[in-house]
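Okay, structure first, notes after.
The values are calculated or read from the model by the stated rules, or taken from the named source; none is laboratory data. No experiment lies behind these values; they were computed from the predicted model shown. Here the Cβ positions follow ideal geometry from the backbone for every residue, glycine too, while neighbour counts run over all protein chains shown.
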Amino acid sequence: MLANKTAVVTGSTSGIGLGCARAFAAKGASVVINGLGDADEIEKTRAAVEADFGVRCTYSGANMLSGDEIAAMISDAEKEFGSVDILVNNAGIQHVSPVDEFPVDKWDAIIAINLSSAFHAVRAALPGMKARGWGRVINTASAHALVASPYKSAYVAAKHGIAGLTKTVALEVAEQGITVNAICPGYVWTPLVERQIPDTMKARNMTEEEVKKDVLLKAQPTKQFVTIEQVAAYATFLCSDDAASITGSILPIDGGWTAQ
Ligand code: NAD
C-alpha cells in the first residue's frame, strides 16, 4: 500500500512514533526515524526496521528544538529517497506542575517540541508534496487537544495549538491531494506516560497505583490503556487512498475519554 512512499516520523526512537514507523514499513514505505537516545540502541532500532520489513530506514538526529535541524532533516530525506510523502509530527515531551510553579524552560521546550517543531517540518515538507500532488501529514496530538487536565498547562496549550495548526494547513492544501489530520490518543502506555508518574505522585500526593487508576485510567471509560499498535493502525489508515476525504480532522482514539 505504501511502496514507493517515504515517511518521516519525528520522535520515533520509542513509543507511538516507533510504532507508526514500523507500521508504515510493514506496508512497504521507506522510513526516516528520528529522536533522542543511546546511539547503539537507535542503530539497533533502525536496523530492525530494515531487517523485519525489507525496506530502507535511515535515522535523523535532528533536535526538534531547532528549526534549522528540522528543515535539514526533511531536505536530507528528499535527497536520500526522492520525496517525503508522509510526515508524522509526533515528537513530544511532558512536564507536570502547577502553573504558578511551572519552570519557564520546561514551558519553552514543550511549546517548541510539541508544537513549533510541527510548523517547521510542515513548512519544509509541503513544497515537495504540492509538487507531486500527494501528501499525508499526521500530527500526534492528544485527548489534551480537546480537553484539559490540571498541572499540564504547557502540554495542553501545545496540543490545542497543534489542533489549530492541523485545521489551518488542511484548508491551505485541501485541493492539492494532501490531507492533514491530528490523531488524539488517550493514555497509551509508553515511556512518556511512565516518566510522568513520579511527578504526578508528588503533585497529587498519591501512590503509583492510585495515579494509574484514579488519574490516568479514571479519564478513560474503557479502563484500558490505548495500545501503540492501535494508534499506528489509525495512522496507517489515514495514509490510504480510502482516507483521502478525511482532512482537517481532530480524531480521538481515547477509549471514550472525550465523550464525557
Ligand atoms: P515517548 O517518550 O516514547 O516518545 C517521544 C519521542 O520523542 C522519543 O522518540 C523521543 O526521543 C522524542 N523526542 C523528545 N524530545 C525530542 C527532541 N528534542 N528532538 C527529537 N526528538 C525528541 O512518548 P510517546 O508517548 O510515544 O509520545 C509520542 C507522542 O504521542 C507525543 O507527542 C505525545 O504527546 C503523544 N501522546 C502520547 C500519549 C500517551 O499516553 N503516551 C497520549 C497522547 C498523545
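Of note:
- Members of segment 156-194 found to be buried (at least 24 other Cβ atoms within 10 Å of the Cβ), part of a helix (DSSP H, G or I) and touching a helix residue (DSSP H, G or I) at 6+ places or on another chain (Cβ under 8 Å), listed by number: A158, K159, I162
- Exactly one residue out of L65, L87 is assigned to a loop (DSSP other than H, G, I, E, B) and at pLDDT 95 or above: that is L65.
- Residue within segment 99-110 that is within 11 Å of the ligand (Cβ to nearest atom) and over 16 Å from A182 (Cβ atoms) present: yes
- Within segment 183-210, considering residues that are within 13 Å of the ligand (Cβ to nearest atom) and among the β-branched types (V, I, T), the one nearest to the chain's Cα centre (by Cα): I183
- Test result for V49, away from the ligand (no atom under 13 Å from the Cβ), in contact with a strand residue (DSSP E or B) (Cβ under 9 Å, 6 or more places away or on another chain) and outside any loop (DSSP other than H, G, I, E, B): yes
- Residue in segment 53-61 that is surrounded by 24 or more Cβ atoms within 10 Å (Cβ to Cβ), of a type in the set (F, W, Y) and either away from the ligand (no atom under 11 Å from the Cβ) or closer than 27 Å to A112 by Cα (or both) present: no
- Out of I93, I111, sole residue that is in a loop (DSSP other than H, G, I, E, B) and under 20 Å from the mean Cα position of the chain (by Cα): I93
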